[in-house]
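Presented below is the structure to which this report refers.
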Amino acid sequence: MTVPVFRFAPSSNGALHLGHAYSALLNHSMARLAEGRFLLRIEDIDTTRCSPELEAGIYRDLAWLGVVWEEPVRRQSEHFEDYAEALERLADAEIVYPSFMSRGEMRACIADMEAGGTPWPRDPDGAPLFPSVDKRRPKAERRRRIEEGEPFAWRLDMEAARAHVARPFFWEESGSGPKGETGRIAARPEDWGDVVIARKEVPTSYHLAVVVDDALQGVTHVVRGRDLFHATAVHRLLQELLGLPVPRYHHHALIVDEDGRKLSKSRGDTGIAALREAGATPGDIARMVGLEWPS
């Protein structure tokens, strides 16, 4: 019998807030009810914004909330070789390519194309799909620009990737999507276009790292916010391309502020540490996010 494995995977680029508390407590509770394992993973591939101090704060906040995790904690920054190996497999299959366009160049390119009156297609998050300019560049030009040290990102050639995995594929959803989608969900990764898979300095992006980590850690249940529901299609495609096991997914509702906006580290929303210092108890935090505190 397979032991269920759950995980909570925050980024150490800011303090935990109520939204993180909800996800951590929900994962912890579901793992306990399923008599499974609970893992903590630190997503710190952004080495410029993540820090040991912020990571230590995550441990303090979770321990105060009563969350208990297995050791050792997996830090993504210590496992770049795992992601580089996966990226190399995708490169060998010729389904990734180097992209040199800056954000400004991309915006200008799209503006030129929209000048004719036809709106540029958007991904499920509302961001414009990446133009195919870099994908059409000759291999010799790509090599030259890389050798000259130009900054670039590795993008998934979605058309080539879907040719490799032409059959329909799905994921099992026990939570729900933004429109109440649940059960067996058909994956549509093509809606995302040519997503970033890695960068020049860091051999991964969130999309690649999360599927590699989940596979290596034997995660069987991915419980995370509903804002990542549609991105699961990209993760399922990468799992198919790399031959990785497929966990069950549960996308939970987001904790929002009084204006209905998702809580954000960047906006300085009330953090767990600040609430603790103001006199809140772990039970108070659980009740704030709509969870029952064990008696």
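Where a number appears in this text, it was derived from the coordinates with a stated rule and is not lab data. Keep in mind it's a predicted model, so treat the numbers as computed, not measured. Please note: Cβ atoms are built from the backbone with ideal geometry, for glycine as well, and neighbour counts cover all protein chains shown.
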Notebook entry, point to check: Do you know the relative contact order of the stretch 34-167, to the nearest whole percent, from alpha carbon pairs under 8 angstrom that are 6+ apart?
Noted result: 26
Next item on the list: Please report, in Å, the Rg and the Dmax of the stretch 6-60, where both are computed over Cα atoms only.
Entry: 12.0, 38
Checklist line | Long-range HN-HN contacts of F130 with modeled amide H, under 5 Å | finding: D194
Item checked: Highest-first arrangement of 32-39, 100-107, where packing means the average Cβ count within 10 Å -> 32-39, 100-107
Note to self: I'd like to know which of A86, A108, G36 lies farthest towards the positive end of the charge dipole of the stretch 1-156, counting +1 on Cβ of Lys and Arg and -1 on Cβ of Asp and Glu.
What the structure shows: A108
Item checked: Stretchable slack from S77 to V133, in nm (0.36 nm times residue separation minus alpha-carbon distance) -> 17.0 nm
Margin query: Of the candidates P203, P131, P119, which one comes out as most mobile in a Gaussian network treatment of the chain with C-alpha springs shorter than 10 Å?
Written below: P119
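Do any trypsin sites (Lys or Arg not before Pro) in the stretch 165-223 lie in a loop, going by DSSP, with at most 16 other beta-carbon atoms within 10 Å of their beta carbon, and if so which?
Qualifying residues, ordered by number: K179, K200.
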Item checked: Convex hull volume per residue for the stretch 1-131, taking Cα atoms only, in Å³ -> 195
Next item on the list: Please work out the Kirkwood hydrodynamic radius for the stretch 106-254, using every pair of different C-alpha atoms, and report it in angstroms with one decimal place.
Entry: 17.0
Next item on the list: Let me know the Rg and Dmax you get for the stretch 174-281 when you use only its Cα atoms, in Å.
Entry: 16.6, 49
Checklist line | the chain - percent relative contact order, Cα under 8 Å, separation 6 or more | finding: 24
Next item on the list: Compute the Cα gyration tensor for the stretch 189-230, then decide on rounded, prolate or oblate, letting a ≥ b ≥ c be the square roots of its eigenvalues: rounded whenever a/c is under 1.5, prolate when a/b is larger than b/c in the other cases, and oblate in all that remain.
Entry: oblate
Check: Given C-alpha coordinates of the chain, what is the ratio Rg to Rh with the Kirkwood estimate of Rh?
Finding: 0.98
Checklist line | Sequence-distant residues sharing a close amide H with V5 (under 5 Å, placed H) | finding: R37, T220, H221
Next item on the list: Give the calculated FRET efficiency between D227 and A111 to the nearest 0.05, with a Förster radius of 30 Å applied to their Cβ-Cβ distance.
Entry: 0.65
Notebook entry, point to check: What is the stretch 133-175 by shape, rounded, prolate or oblate, if you read a ≥ b ≥ c off the alpha carbon gyration tensor as root eigenvalues and call it rounded for a/c under 1.5, prolate for a/b larger than b/c, and oblate otherwise?
Noted result: prolate
Checklist line | Convex hull projection area averaged over all views, the stretch 88-135, Cα basis, nm² | finding: 4.3
Note to self: Quick one: 3J(HN,Hα) in Hz for the stretch 124-133, Karplus 6.51/-1.76/1.60 with θ = phi - 60°, rounded, Gly and Pro as x.
What the structure shows: x, 8, x, 7, x, 5, 6, x, 8, 4
